[in-house]
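Scroll down for the structure; my scribbles are underneath it.
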Amino acid sequence: MQPTNEHAVDVLNSLIETTLDSANGYREAAENADRSQFKDMFLQRSQRREQLARRLQDEVRSFGGEPETDQSVIGKAHNKFVDIKNALAGGADDKAVIDEVERGEDVIKAKFEKVLDDQRLPQQARELIHEAYGSIRADHDEVSRLKHQTH
């Protein structure tokens, strides 16, 4: 693998982990939400993030790399923390779930923003990241509006 490709694989794999964290976070949010409208929205978002992770994995393969297939250690630990917190508190209400989803959206949005203009990435990787960021930013903004409506 060429040095440029190694950098692209490293960056993309980092984004894959965060995207899988997000997909799992949305899945857990769907399980914990009370209202069916939130359950449905979170499940759809989880599926979209899984699709994005697959696209990023394909991009890693196009550079000759081995794509990540699991969420990050930090993401797994966070999920366990949320599970324990919910169990101790007797469950989560929609407001708490939306707050947690927004926190996760802040993380993924910041991660993608950080690499948007990485000139060391090949053009095709930058294009995919820009396209993905547009969707992530729109989801972030929608969840942020939803949070403000519920508070």
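The values are calculated or read from the model by the stated rules, or taken from the named source; none is laboratory data. Just so it is clear, the structure is predicted and the values come from calculations on it, not from any experiment. Cβ sites come from the backbone with ideal geometry, for glycine too, and all protein chains shown count toward neighbours.
Within the set of pairs 6 or more residues apart or between chains, which connect a residue that is touching a residue at least 12 places away in the same chain (Cβ under 8 Å) and under 17 Å from ARG137 (Cβ atoms) inside the range 98-120 to a residue that is aliphatic (A, V, I, L, M) and not in a helix (DSSP H, G or I) with Cβ atoms less than 8 Å apart?
These pairs meet every condition: VAL115/LEU121.
Hey, could you check the range 137-151 for residues that are of a type in the set (A, V, I, L, M, F, W, C) and in contact (Cβ under 8 Å) with a residue 40 or more places away in the chain and say which is surrounded by the fewest Cβ atoms within 10 Å (Cβ to Cβ)?
Filtering the range 137-151 for residues that are of a type in the set (A, V, I, L, M, F, W, C) and in contact (Cβ under 8 Å) with a residue 40 or more places away in the chain, the one surrounded by the fewest Cβ atoms within 10 Å (Cβ to Cβ) comes out as LEU146.
Checking ARG145 against (1) over 15 Å from LEU20 (Cβ atoms); (2) part of a loop (DSSP other than H, G, I, E, B); (3) modelled with pLDDT of 95 or more, which test does it fail?
Going through the list (1) over 15 Å from LEU20 (Cβ atoms); (2) part of a loop (DSSP other than H, G, I, E, B); (3) modelled with pLDDT of 95 or more, ARG145 breaks only (2).
Condition check: more than 29 Å from GLY64 (Cβ to Cβ) and within 15 Å of the chain's Cα centre (by Cα). Does GLY134 satisfy that?
Answer is no for this residue.
Could you check the range 107-122 and list, in sequence order, the residues that are part of a helix (DSSP H, G or I) and modelled with pLDDT of 95 or more?
Answer for the range 107-122, where residues must be part of a helix (DSSP H, G or I) and modelled with pLDDT of 95 or more: ILE108, LYS109, ALA110, LYS111, PHE112, GLU113, LYS114, VAL115.
Being of a type outside the set (A, V, I, L, M) and over 17 Å from GLN37 (Cβ atoms) is the filter here, so list the residues in the range 127-143 that pass it.
Result: GLU127, HIS130, GLU131, TYR133, GLY134, SER135, ARG137, HIS140, ASP141.
Would you mind listing the helices (runs of 4 or more DSSP H) fully within the range 1-103 where at least 1 residues are at pLDDT 85 or above?
Ranges flagged: 3-32, 36-62.
Restricting the first residue to the range 12-36 and requiring it to be free of Cβ contacts under 8 Å to residues at least 60 places away in the same chain and more than 14 Å from VAL107 (Cα to Cα), which pairs with a second residue that is among the hydroxyl-bearing types (Ser, Thr, Tyr) and assigned to a helix (DSSP H, G or I) meet a Cβ separation below 8 Å and a spacing of at least six or different chains?
Pairs found: ARG27/SER46; ALA30/SER46.
Only one residue in GLN47, GLN51 is within 17 Å of LEU128 (Cβ to Cβ), within 15 Å of the chain's Cα centre (by Cα) and not charged (D, E, K, R). Which one?
That would be GLN51, the only listed residue that is within 17 Å of LEU128 (Cβ to Cβ), within 15 Å of the chain's Cα centre (by Cα) and not charged (D, E, K, R).
Which of the following residues is among the basic types (Lys, Arg), buried (at least 20 other Cβ atoms within 10 Å of the Cβ) and closer than 21 Å to ILE98 by Cβ: ARG35, ARG49?
After applying the criteria, what remains is ARG49.
For the range 96-105, check the following and say yes or no: at least one residue is surrounded by 14 or more Cβ atoms within 10 Å (Cβ to Cβ) and more than 18 Å from ALA30 (Cβ to Cβ).
Within the range 96-105 (the criterion being surrounded by 14 or more Cβ atoms within 10 Å (Cβ to Cβ) and more than 18 Å from ALA30 (Cβ to Cβ)), the answer is no, since none of the residues qualifies.
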